[in-house]
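Student: Got a structure for you, written out below as structure tokens; questions coming shortly.
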Amino acid sequence: MSTRSASERPSIRQVAEIAGVSHMTVSRVLNGHTNIKESTRDKVLVAVDELGYRPNIAARALATQKTLRIGAIVETEAEFGPASALRAIHRAARQRGYSVSSIALDEDDSTDAGHAFEQLAGLGIDALCLVTPRSASVAALRAISPDMPVLVVKPEREAELLRVCVDQQLGVTMAVDHLAALGHRDILHVSGPMDWLDARARERAFRARTRSWGMPERPIVAGDWSADFGYDFAVGLQRLPDYTAIFAANDQVALGLVHGLHDRGIRVPEDLSIVGFDDAPFSRHSIPPLTTVRQPFDALGAAVVDVLLAAIEGRPIPQRTKIPPELVVRLSTAKARQAP
């Protein structure tokens with residue numbers, strides 16, 4: 001199959017013709033303008049994909065004096081949540097004619113957020129995004145005060161930096177309310193590491209919601225996001241606990257819990273109900289399939305890029321920056337067991 005020559009590459013006017021809109025509307029969609037109907041945006045993006053249209057990045061960069069590149073710092077690419085958010089940001093940026101350069105801060109790496117920003121700035125970036133960070137990384141960026149738009153994917157309000165997030169409080173509230181509706185009145189939370197802002201937000205939301213239900217306040221079990229931690233905790237139980245459900249930090253921890261409880265002879269969900277967080281692809285294939293809170297990473301990535309492009313171009317910042325999650329009910333939760 002032959003490829004198009006440069007002169008045969010599809011034009012923005014061809015995209016407009018296929019989508020049934022003006023070429024200015026196509027331009028606004030590709031530039032991330034927010035005052036576009038979703039149906040119109042979808043028609044344009046379908047036409048872009050159908051024709052294989054790619055904006056002339058070099059000409060656009062020269063005309064706007066921008067690099068058309070976003071820098072992204074992610075705490076780790078090993079965990080499902082941060083990796084999924086980063087992939088979604090890449091996809092959304094490509095649709096709008098931008099590229100993304102990213103650096104992962106692994107725990108065994110001496111690179112911190114400040115050094116990572118210096119590396120990205122050396123590549124030439126128009127804006128910076130910090131994805132699902134630890135508290136130290138946010139503090140490092142505040143200290144630097146980069147001279148460009150900076151966005152943090154974090155649950156708490158942020159006075160100095162732009163912010164987009166999945167609504168962690170709503171997700172936890174839905175999980176606790178689901179368990180409460182099944183009759184559970186004693187729930188344990190196995191959290192993520194407390195220096196991660198998402199883990200801290202989930203822990204606070206859990207305490208607030210269980211308190212509103214009049215449930216006992218149990219000490220939080222602080223984990224490390226891993227299935228191994230969940231497994232080790234579960235197999236370490238000496239007997240069937242008094243609590244009747246566990247809300248896990250993420251699906252990996254939940255999967256480890258289910259495995260460990262099985263090895264201890266504790267049934268899920270008959271003896272203990274388990275709820276995870278993320279809706280990772282494997283969660284629907286665990287035994288039993290996992291009830292979890294789905295984070296809409298594609299919507300998160302689109303919102304991140306929309307906010308950053310608005311800031312880069314001096315347009316009003318979109319206000320819808322807290323993305324609602326969804327509770328996915330499967331077979332790892334059931335009515336609370338009766339007291340003996």
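Please treat every number below as a calculation from the coordinates, not as lab data. The structure presented is a predicted model; accordingly, all values stated were derived computationally and were not measured. As a convention, Cβ positions derive from the backbone with ideal geometry for all residues, glycine included, and neighbour counts pool all protein chains shown.
Student: Taking the Cα atoms only, what angle lies between the long axis of helix 297-312 and the longest principal axis of the chain, rounded to 10 degrees?
Tutor: On a 0 to 90 degree scale, this one is about 40.
Student: Sorted by mean Cβ packing within 10 Å, highest first, what order do the peptides 296-307, 157-168 take? Don't jump to the answer; show the numbers that get you there.
Tutor: Values: 296-307: 22.4, 157-168: 18.2.
Per-residue Cβ counts within 10 Å, averaged per peptide and sorted highest first, yield 296-307, 157-168.
Student: Placing +1 at every Lys and Arg Cβ and -1 at every Asp and Glu Cβ, with all other atoms neutral, what dipole size does the chain have around its Cα centre, in debye to the nearest 20?
Tutor: Details: 39 positive and 41 negative charges, 253 e Å.
Dipole magnitude for the chain comes out near 1220 debye.
Student: In µm²/s, what is D for the stretch 235-334 at 25 °C and 0.890 mPa s, where D = kT/(6 pi eta Rh) by Stokes-Einstein and Rh is the Kirkwood radius from Cα pairs? It would help to have the intermediate numbers written out before the result.
Tutor: Values: Rh = 15.3 Å.
So the translational diffusion coefficient is about 161 µm²/s.
Student: A follow-up question, please. Would you work out which of Gly265, Leu30, Thr333 lies farthest towards the positive end of the dipole of the chain, given +1 charges on the beta-carbon of Lys and Arg and -1 on that of Asp and Glu, about the Cα centre?
Tutor: Sorting the options by dipole projection puts first Leu30.
Student: Can you compute the helix-only [θ] at 222 nm over the chain? Use -39500 (n - 2.57) per DSSP H run of at least 4 residues, normalise by all residues, nearest 500 deg cm²/dmol. Walk me through the intermediate numbers first.
Tutor: Working: 12 runs with 143 residues, N = 340.
Computed ellipticity for the chain at 222 nm equals -13000 deg cm²/dmol.
Student: What residue among His189, His90, His115 has the largest mean-square fluctuation in a Gaussian network model of the chain, using Cα springs under 10 Å?
Tutor: Comparing His189, His90, His115 in the GNM, the peak value goes to His115.
Student: Separate question: I need the P(r) histogram for the stretch 262-309: all alpha carbon pairs, bin width 5 Å from 0 out to the longest distance, whole percents.
Tutor: For the stretch 262-309, the binned pair fractions read 5, 17, 21, 15, 14, 9, 7, 6, 4, 3, 0 percent.
Student: Choose one of Asn250, Gly276, Leu240: the residue whose Cα lies farthest towards the positive end of the charge dipole of the stretch 197-340 (beta-carbon charges +1 Lys, Arg; -1 Asp, Glu; about the Cα centre).
Tutor: The one lying farthest along the dipole's positive direction is Leu240.
Student: On to the next question. In a GNM of the chain with a 10 Å cut-off on Cα contacts, which of Leu128, Leu272, Leu237 has the highest mean-square fluctuation?
Tutor: Leu237
Student: When the dipole is taken about the Cα centre of the stretch 241-340, and only Lys, Arg (+1) and Asp, Glu (-1) are charged at their Cβ, what size is it in debye, to the nearest 20? Provide the component values of the computation, followed by the final result.
Tutor: On the way: 10 positive and 11 negative charges, 44 e Å.
Approximately 220 debye in magnitude.
Student: Right, something else. On a 0 to 90 degree scale, rounded to 10, what angle separates helix 80-95 from the longest Cα axis of the chain?
Tutor: Around 20 degrees separate the two axes.
Student: Okay, next question. Suppose the chain between Arg264 and Asp177 were pulled fully straight at 0.36 nm per residue; how much longer would it get relative to their current alpha carbon spacing? Can you show the working numbers first?
Tutor: On the way: separation 87, 0.36 × 87 = 31.32 nm, distance 2.76 nm.
Taking Arg264 through Asp177 to full extension adds about 28.6 nm, to one decimal.
Student: Hey, what angle do you get for helix 168-181 against the long axis of the chain, alpha-carbon based, 0 to 90 degrees rounded to 10?
Tutor: 30 degrees
Student: How large, in Å, is the chain by the Kirkwood hydrodynamic radius built from its alpha-carbon pairs?
Tutor: Numbers: mean 1/r = 0.0460 Å⁻¹.
The answer is 21.8 Å.
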